[in-house]
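Novice: Please find one structure pasted underneath; my questions will follow.
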Amino acid sequence: MPGAASSGFSESTSLPDGGLPDGGLPDGGESEAVRPHVREIWTPSGAARLHVELPAGGPRGLLMLGHSAGGGPDASDLLAVRTLALGVGLAVVRTEQPYRVAGRRAPAPAPRLDEAWQACVVGARSEPGLGGIPLVAGGRSNGARVACRTAHVVGAVRVLALAFPLHPPSSPHRTRLPELADAGVPVLVVQGSRDLFGSAGEMRDQLGLASAPDDIEVVEAPGADHSLRQVAPTLDRVGEWLVARLP
């Protein structure tokens with residue numbers, strides 16, 4: 001599959017012009033640089049939907065974002081990260097899993113979600129200009145789990161995990177840490193300090209106890225719960241991480 005981990009990288013580690021676009025954090029609204037379109041693609045589980053948005057110039061990389069189990073591609077944290085990524089020159093594709101396109105509320109089993117996501121990546125890569133650039137796989141909550149599980153299969157060079165559900169609420173013994181630790185590529189986790197699915201502090205503690213790879217970074221969103229509505233304080237670091245080593 002296109003997008004191997006070594007594709008298109010250089011040693012640049014700074015944001016364009018030394019900072020975020022327009023001198024500050026994006027607000028999650030529409031950008032004049034965006035040329036959006038929506039298309040449906042066929043997956044083994046039925047039709048999925050791609051929300052494709054391109055920056056004004058040629059994209060430096062591709063960020064794909066998956067949604068949570070019960071939510072969609074317009075979650076506030078996904079929109080904030082989308083605007084940030086477009087502002088630093090990445091194309092963004094927000095996906096909708098087939099169960100959601102079909103109007104069902106309950107997500108499909110994990111293997112079905114993973115294969116549909118892989119088909120979405122193939123569909124995104126078929127867009128003009130998106131076939132040979134570095135891929136960052138990402139998502140919020142259940143979408144972050146999918147991105148971690150499939151990172152190597154889709155050729156992602158990194159994973160952006162928003163509100164990774166470390167465990168079900170009130171069941172900390174049912175950890176999902178192996179999905180995160182076994183991603184096999186660098187991972188940036190943006191986690192709320194009050195997330196009942198696992199706070200940023202819990203995440204750091206479990207990663208330390210498990211001797212997880214040191215390329216997993218946890219950024220805390222102060223005061224945020226699992227919705228990550230208070231994601232704004234983390235966006236400077238997210239922006240730096242997204243463009244590190246991109247051409």
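Novice: Taking neighbour counts of Cβ atoms within 10 Å as a proxy for exposure, in what order, fewest first, do 117, 241 appear?
Specialist: Details: 117 25, 241 20.
Ranking 117, 241 by Cβ neighbours within 10 Å, fewest first, gives 241, 117.
Novice: Assigning unit charges at the beta carbon (Lys, Arg +1; Asp, Glu -1) and nothing else, what dipole magnitude in debye, to the nearest 20, does segment 54-177 show about its Cα centre?
Specialist: Computed charge dipole of segment 54-177: roughly 280 debye.
Novice: Let me ask you something else. Relative contact order for segment 151-247: what percent, with Cα pairs under 8 Å and sequence separation of 6 or more?
Specialist: It comes to 26 percent, rounded to a whole number.
Novice: Continuing with the same structure: Between residue 240 and residue 215, 0.36 nm times their residue separation minus their Cα-Cα distance comes to what?
Specialist: Here the segment from residue 240 to residue 215 would lengthen by 7.5 nm.
Novice: Taking the dipole about the Cα centre of the chain, with the C-beta of Lys and Arg at +1 and of Asp and Glu at -1, give me whichever of 188, 116, 138 is farthest to the positive side.
Specialist: Checked the options; the winner is 116.
Novice: If neighbour count is taken as other Cβ atoms inside 10 Å, put 164, 197 in order from fewest to most.
Specialist: Least to most surrounded, the residues fall as 197, 164.
Novice: Could you please state, rounded to a whole Å, how far the C-alpha centre of segment 61-140 is from the C-alpha centre of segment 217-240?
Specialist: Taking the Cα centre of each part, segment 61-140 and segment 217-240 sit 19 Å apart.
Novice: Taking the Cβ of each residue in 174, 149 as the centre, tally the other Cβ atoms inside 10 Å and list the residues starting with the fewest.
Specialist: Lowest count first: 174, 149.
Novice: Same structure, new question: Placing unit charges on C-beta atoms (Lys and Arg positive, Asp and Glu negative, everything else neutral), compute the dipole magnitude of the chain about its Cα centre in debye, rounded to 20.
Specialist: On the way: 22 positive and 26 negative charges, 167 e Å.
Charge dipole of the chain: 800 debye, to the nearest 20.
Here, each number is a calculation from the coordinates, and none is a lab measurement. A quick note: this is a predicted structure, and the numbers were derived from the prediction, not measured. Quick reminder, even Gly has a Cβ in these numbers, built from the backbone with ideal geometry, and neighbours come from all protein chains shown.
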